[in-house]
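What follows is calculated from the coordinates using simple rules that are stated; it is not laboratory data. Small disclaimer: the values here were computed from a predicted structure and weren't measured. Heads up, the Cβs are rebuilt from the backbone with ideal geometry, glycines too, and the neighbour counts pull from every protein chain shown.
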Amino acid sequence: MEIKIATRACRDPEGAERTFTYYLTVDQEVTPRFACENYGVRIAEEAGPGAAIPAITTSAARIDELLTLLVDNRVGPAGLADVVADWL
């Protein structure tokens, strides 16, 4: 499942307008003893390829923190993996 969180526009260093849409991804983790939601993120670019990282955390508070960081800083698909690696 995906939930659209925000859309942000910005200009890249060359001055081109870019639009990013940020999504929360939700997967179910099922084990013999329990089930929980596992959250990830996806960034889509209006005129280019997107990027996704599923199953980052099971904490709703932590994924909210990460999505806020991504949206507020207008992180694009190309920077997603680096930002998540530093954030973890």
Item to complete: Give the residues of the stretch 19-38 that are farther than 15 Å from residue 80 by Cα and not in a loop (DSSP other than H, G, I, E, B), sorted by residue number.
Response: 26, 27, 28, 29, 30, 35, 36, 37, 38
Fill in: Total residues in the stretch 48-88, condition of a type in the set (Val, Ile, Thr), without any contact (Cβ under 8 Å) to a residue 40 or more places away in the chain, in a helix (DSSP H, G or I) and touching a helix residue (DSSP H, G or I) at 6+ places or on another chain (Cβ under 9 Å)
1
Worksheet entry | Yes/no for residue 13 being part of a strand (DSSP E or B) and exposed (fewer than 12 other Cβ atoms within 10 Å of the Cβ) | no
Worksheet, complete the sentence: Looking across the stretch 34-86 at residues that are of a type in the set (D, E, K, R) and loosely packed, with under 12 Cβ neighbours inside 10 Å, the single one that is nearest to residue 5 (Cα to Cα) is 72
